[in-house]
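> This structure is in C-alpha cells; I'll ask about it shortly.
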Amino acid sequence: MAQPQNQKRRPESARRANRIIQTRTLLLLGVFGVLTFVLLFTQLYHWQITEHDELQSVAVRQQTLRTTVEASRGTIYDRNGTILAMSASAEDIFLSPKEIIENDQDQNLIASGLAEILDLDAADILKKMEKTNSQYEILKKKADDELADKVREFINENDLKGVFLRPTNKRTYPKGSLAAQVIGFANDNGGSMGLEAIYNDELTGENGMVVTARDRDGRSVLYQYDQYFDAENGYDLHTTLDTTIQYYLEKGVQELEARFGTGKGAEGIVMDVNTGAVLAMASLPTYDLNSPGTIYNDFLTSGMTEEQIIENTSDLLNKQWRSKAINDTYEPGSTFKTLTLAMALEENVVDLNTGFYCSGSVTVEGETINCSKRAPGHGQQNLTQAFANSCNPAFINIGLRIGNDKFYQYMQDFGLTEKTGIDTTGEASGFVNSEIKYSTLALACYAFGQNFNVTPIALLAAQCACVNGGYLYTPYLVEEITDQDGNVVSKHDSTPIRQVVSEETSALVREIMEYEVTTGTGKNGQVAGYRIGGKTGTADKVGGGVIVSFVCFAPADDPQVMMLLTLDEPSKWTGTYVSGGNMVAPVASSVMSEILPYLGIEPSYTAEELVGADKTVPNVVGLSKDAAAERLSANGFSFRTVGNGDTVTDQTPAGGAIVPNSAEIILYLGAEKSTDKCIVPNVVGDSAATANQKIVNAGLIMGVSGATNASSSTVRAISQSIAAGTEVEAGTVVRVQFSDSSVRD
C-alpha cells in the first residue's frame, strides 16, 4: 500500500538537517583545531626559541652544582720585592642543613663543637640548621689554616656529614701597620682606600668555577660530570716604597708625637727628588692593616670613657684611616719661603747681594706683621742671611717685589692650586684665596707661608722642583704593574710636568738652603758627614695652635732624597721653644742619619766630625797585645787593657760593633770580663761634655747626633736612645740627640 507523499519528504529534510549540522560541526572542529595548533605552536616557539637560553640555563642549574673558585688578589710589593699585601690561603666553613637531617646527624654535637672552635653561639648554629631545605649556611668566612684544620679534625673524629670547608683566600699584610694609609685595606667588596682601592680593578682577578653533576635531590653525582674553569689571578703592584726607609720615617714620626705631641698627629714623606717617586709616607694616627676596625693609637681615646669610645668609633676609625700627607691641608709657614726665594731669584728681583733691614715687624695695609725675632729684629742682612734667619719682614719685601700676578702664576706653576694627581685615594686640593690676585696684604702673608693651605704632598713636590734643577714631577706610588707571569702590563712615566725655574736658580736655592742648616734656624737638622739643605717652619693655625715642620734634602750639592716632617699642635709645656727648628729638625736629623747610609750615600766628614764618626770595631780576640794595639790604632781607636797576659782573651765592645771612633776599646789580657751590668744615666738636658762624662763613667759609649756645635752653651741633649735606668752590657752605645735651643723660626 502506497505511503502518503508527505511521509516520503520528511526523511529527506531530516537528512539535509543532519548534513548541515555535520558540516557546521566539522567547520567548528576545524576552527578549534587550527586555533589549538596555533596556540600550541606559539607556546612551543616561545619555549624552544624565545626562552631557549633561559630554560636551558635553568635545566643546567637543576642538574649541576656550580662552585666558585675565587681568584687570588694581586700582590703588592715594595721597590725591593718585599711583600706588603698578599692573598693567603683560607677556607669558608659552612653547613648543609638538608644533608645533616638526611643523614640523621647529631645537631647538638655539631652546634656545640663548632661553636667552641669558631667562637660562635651554639644557639645561632642550631637556628641555621632549622632551614631544612638549605644546602649552604655560612658559619665562618676566610678562616685561617689553623682554624680550618681544627674544624676538619672535628669532622673526621665524629664522622660528620653536612659540614663543609671550601678553599678560598684572604688578604693579609705581613708588615702590620707599616705604610697603612698608603696601602689601604681590602674587604669582601674589594679595595678600601689607598692602593688597594685606586688599583682595585688591576688587583682583582677573574673568578673560576667547578661544575659538577647532581641528582634530583641536589646531591653531587661523583664522576658523572666535572668541569673546572681556571681562575685568573689579579695583577701585582710594584710600588716605589722602601720598607726600610718607611720604618725609619715611621719611627721618627712616632718620636715626634711621643715627645712633643698632643694627640693631633704628625706626618712625614720621603721622596726621590729627581722622579717624584715616594719612598716612604707615614701618618699618625695609624692602624693595623690586618685589623682595620680596631682603634690602634691610645692617644686617640685618651680621656674617653668606654661609652664615649663606642659612640665615637666611626669618627675615630676615620681619623686613623686618613693620611694627613694626602687627605689634609695645612698652612706651610716658613717652609714656603723656599718657593718665594726661587720665584724671586728666577724673576731677578733679588740676588745674593740684595740687602734687607728687619726691625722686628712690618706694617702692610695697616696690619702689623711680626718677625720671629721681635724688636730689635735681625737688623741688616743679605738674602742668604734673611733666609737662614727665616725673617718675615725680608720675605714680605721679596713677595712685594715679585708682585701679585707673578706670585699667583708661580703658585700655579708649582702645582699648588690643584691636586698633584698622585695615585691614591682622597687627595685634597690646596686652597688659594682669590685675594692673592690683587691684595697687597694677602701677597705679604703668602710670601712667608700664611693664609693659604696646601697638602704636604703638593708642597714637597714643589720643594723638590726648587732643588732638582727646576723640574716639577707628579708624585707617584706604583712603579709598574705585572701579570702573574711577570710580564710588565704598565710602567710609570717619570717625564716632568714642566720646568718651573732654571738650573741656575735651583743651584742658588740649594746653596742658600744648605747655609740655613749650617748656620740658620735649621742647624738642629745637621747630620755628621753629610751636606744637608733645609728649611724650618712654624705656622699659626686658623682658630689657634700651630703646626711645626722641617723640610730637608741631601746631599746638598747633588740632591737624591727630600723629606718633609710636620707635627700638628705640639705641646707648649715640654720645656722646648715651640718651633720647627727646635722640635722637628732634630728628629729629621735622626731619620736622615739612618736613611742616607742605607741608600749608599757615602759620608764625607770634616776633621771635627771625624772625631766622633761611627766605625766598626775590629775583632782582636786571640791576637797578641801588640798586634791588637796595632790594628786598633790603624782604625783610629784608643784602648786600655785589663790583666797582665800577652794575648787578648776578650774585648769590649765586641768585634763588629758600630761605635764612634772616639770610643775607648777595653782589651782583656787573661783577665775575666766583668759580667756586671751598667746602668744608663739620664743625660737629657745636659751639655755635650756633661753627657759624655756621665756615659763614660757608667762604662758606656756616647754617640752624637743633631747639632754639631757641641761647645755652644745653648746646645743641650734632648733625647737618648736607651732610657735612663736601663741595665745594659758594658760598652753599649747610647746615642744622644743634641739641639740648639737658641733656634727661632
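> Select from region 305-320 the residues that are closer than 30 Å to Thr538 by Cβ and open to solvent by 80 Å² or more (accessible area, probe 1.4 Å) and list them in ascending order. Spell out how you get there, then give the answer.
Our first condition is that a residue be closer than 30 Å to Thr538 by Cβ; within region 305-320, this holds for 315-316, 318-320.
Selection gives Lys319 alone.
> Within region 329-340, identify whether any single residue is in a loop (DSSP other than H, G, I, E, B), crowded, with 16+ Cβ neighbours inside 10 Å and not hydroxyl-bearing (Ser, Thr, Tyr), and answer yes or no.
Taking region 329-340 first, the residues in a loop (DSSP other than H, G, I, E, B) are 329, 331-332.
Of the ones still in play, those that are also crowded, with 16+ Cβ neighbours inside 10 Å are 329, 331-332.
Filter once more, keeping what is not hydroxyl-bearing (Ser, Thr, Tyr): 331-332.
Yes.
> Another one. Give me a count of the residues in region 87-124 that are surrounded by 15 or more Cβ atoms within 10 Å (Cβ to Cβ), within 17 Å of Asp145 (Cβ to Cβ) and hydroxyl-bearing (Ser, Thr, Tyr).
1
> Could I ask something else about it? Would you say Asn133 is touching a Lys or Arg at 6+ places or on another chain (Cβ under 9 Å), over 24 Å from Tyr287 (Cβ atoms) and either acidic (Asp, Glu) or at pLDDT below 90 (or both)? Walk me through how you get there before you give the answer.
Working: touching a Lys or Arg at 6+ places or on another chain (Cβ under 9 Å): yes; over 24 Å from Tyr287 (Cβ atoms): yes; either acidic (Asp, Glu) or at pLDDT below 90 (or both): yes.
When the stated conditions are applied, Asn133 passes them.
> So Thr474 passes all but one of these: (1) over 21 Å from Ser323 (Cα atoms); (2) modelled with pLDDT of 95 or more; (3) in contact with a Gly (Cβ under 7 Å, 6 or more places away or on another chain); (4) among the polar types (S, T, N, Q). Which condition number does it fail?
(1)
> Do you know which residues across region 263-278 are open to solvent by 10 Å² or more (accessible area, probe 1.4 Å) and not hydroxyl-bearing (Ser, Thr, Tyr)?
Going residue by residue through region 263-278, those that are open to solvent by 10 Å² or more (accessible area, probe 1.4 Å) are 263-264, 272, 274-275.
If the condition is that a residue be open to solvent by 10 Å² or more (accessible area, probe 1.4 Å) and not hydroxyl-bearing (Ser, Thr, Tyr), then Gly263, Lys264, Asp272, Asn274 are the ones that fit.
> What number of residues within region 425-457 satisfy the criterion of being open to solvent by less than 20 Å² (accessible area, probe 1.4 Å) and more than 25 Å from Gly543 (Cα to Cα)?
Total meeting the criteria: 0.
Yes or no, residue by residue, for (1) without any contact (Cβ under 8 Å) to a residue 24 or more places away in the chain; (2) buried (at least 22 other Cβ atoms within 10 Å of the Cβ):
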residue	(1), (2)
Cys466	no, yes
Thr474	no, no
Val478	no, yes
Asp485	yes, no
Pro496	no, no
Val500	no, yes
Thr505	no, no
Val509	no, yes
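> Looking at Ser323, Ser291, Ser302, can you tell me which residue is open to solvent by 80 Å² or more (accessible area, probe 1.4 Å) and in a loop (DSSP other than H, G, I, E, B)?
Numbers: Ser323 fails: open to solvent by 80 Å² or more (accessible area, probe 1.4 Å); Ser291 fails: open to solvent by 80 Å² or more (accessible area, probe 1.4 Å).
So the residue among Ser323, Ser291, Ser302 that is open to solvent by 80 Å² or more (accessible area, probe 1.4 Å) and in a loop (DSSP other than H, G, I, E, B) is Ser302.
> Further question on the same structure: Going by the structure shown, is Thr329 polar (S, T, N, Q) and either touching a Ser or Thr at 6+ places or on another chain (Cβ under 7 Å) or closer than 22 Å to Thr417 by Cβ (or both)? So that I can check it myself, show each step before the final result.
Values: polar (S, T, N, Q): yes; either touching a Ser or Thr at 6+ places or on another chain (Cβ under 7 Å) or closer than 22 Å to Thr417 by Cβ (or both): yes.
Yes.
> Name the residues in region 125-152 that are closer than 18 Å to Ser96 by Cα and without any contact (Cβ under 8 Å) to a residue 24 or more places away in the chain, would you?
Leu126, Lys127, Arg152, listed by residue number.
> In this structure, is Gln412 over 30 Å from Ala282 (Cα atoms) and without any contact (Cβ under 8 Å) to a residue 60 or more places away in the chain? Step through it out loud before you land on a result.
Values: over 30 Å from Ala282 (Cα atoms): no; without any contact (Cβ under 8 Å) to a residue 60 or more places away in the chain: yes.
Taking the combined requirement at face value, the residue does not satisfy it.
> Residues that are free of Cβ contacts under 8 Å to residues at least 24 places away in the same chain and either closer than 20 Å to Tyr473 by Cα or not small (Gly, Ala, Ser) (or both): does region 331-346 have at least one?
The answer is no; no qualifying residue exists.
> Going through Gly208, Gly176, Gly184 one at a time, which residue ends up being open to solvent by less than 60 Å² (accessible area, probe 1.4 Å) and at pLDDT below 90? Working first, answer last.
Values: Gly176 fails: at pLDDT below 90; Gly184 fails: at pLDDT below 90.
Of the residues listed, the single one that is open to solvent by less than 60 Å² (accessible area, probe 1.4 Å) and at pLDDT below 90 is Gly208.
> Tell me yes or no: at least one residue of region 429-448 is touching a Pro at 6+ places or on another chain (Cβ under 7 Å) and touching a residue at least 40 places away in the same chain (Cβ under 8 Å). Walk me through how you get there before you give the answer.
If we filter region 429-448 for residues that are touching a Pro at 6+ places or on another chain (Cβ under 7 Å), which is where we start, we get none.
No, region 429-448 contains no residue that is touching a Pro at 6+ places or on another chain (Cβ under 7 Å) and touching a residue at least 40 places away in the same chain (Cβ under 8 Å).
> Restricting to region 653-693, count the residues that are touching a residue at least 40 places away in the same chain (Cβ under 8 Å), of a type outside the set (D, E, K, R), assigned to a loop (DSSP other than H, G, I, E, B) and farther than 24 Å from Val704 by Cβ.
The qualifying residues number 2.
> Every residue in region 454-469 that is closer than 14 Å to Val278 by Cα and β-branched (Val, Ile, Thr), please.
Ile457
> Let me ask you something else. Which numbered condition trips up Asp351, out of (1) surrounded by fewer than 14 Cβ atoms within 10 Å (Cβ to Cβ); (2) closer than 30 Å to Gly263 by Cβ; (3) not β-branched (Val, Ile, Thr)?
All conditions pass for Asp351, except number (2).
> If you don't mind, there's one more thing I want to ask. For Glu418, state whether it is of a type in the set (Asp, Glu), out of contact with any His (no Cβ under 6 Å at 6 or more places or on another chain), modelled with pLDDT under 95 and in a helix (DSSP H, G or I). Give the derivation first.
Values: of a type in the set (Asp, Glu): yes; out of contact with any His (no Cβ under 6 Å at 6 or more places or on another chain): yes; modelled with pLDDT under 95: yes; in a helix (DSSP H, G or I): no.
In short, no.
> Would you mind listing the strands (runs of 3 or more DSSP E) fully within region 347-407 where at least 1 residues are more than 25 Å from Ser742 (Cβ to Cβ), aliphatic (A, V, I, L, M) and touching a Leu at 6+ places or on another chain (Cβ under 8 Å)?
The qualifying strands (runs of 3 or more DSSP E) are 361-364.
> Scan region 396-414 residue by residue and report those that are open to solvent by less than 10 Å² (accessible area, probe 1.4 Å) and within 25 Å of Ser323 (Cα to Cα).
Met411, Phe414, listed by residue number.
> Looking only at region 237-266, count every residue that is among the acidic types (Asp, Glu) and under 21 Å from Glu196 (Cα atoms) and tell me the total. Please lay out each step first, then the result.
Of the residues in region 237-266, the ones among the acidic types (Asp, Glu) are 242, 250, 255, 257.
If we keep only those that are under 21 Å from Glu196 (Cα atoms) too, we end up with 242, 250.
Qualifying residue count, region 237-266: 2.
> Select from region 355-395 the residues that are of a type in the set (A, V, I, L, M, F, W, C), surrounded by fewer than 24 Cβ atoms within 10 Å (Cβ to Cβ), modelled with pLDDT of 95 or more and within 41 Å of the chain's Cα centre (by Cα) and list them in ascending order.
Answer for region 355-395, where residues must be of a type in the set (A, V, I, L, M, F, W, C), surrounded by fewer than 24 Cβ atoms within 10 Å (Cβ to Cβ), modelled with pLDDT of 95 or more and within 41 Å of the chain's Cα centre (by Cα): just Leu383.
The values are calculated or read from the model by the stated rules, or taken from the named source; none is laboratory data. Treat the numbers as computed from the prediction; the structure is a model and nothing was measured. Reconstructed Cβ throughout: ideal geometry from the backbone, glycine too, with neighbour counts over all protein chains shown. For the accessible areas, the whole protein counts, side chains as well, though only heavy atoms, and no ligand, DNA or RNA atoms are used. Shrake-Rupley method; radii C 1.70, N 1.55, O 1.52, S 1.80 Å.
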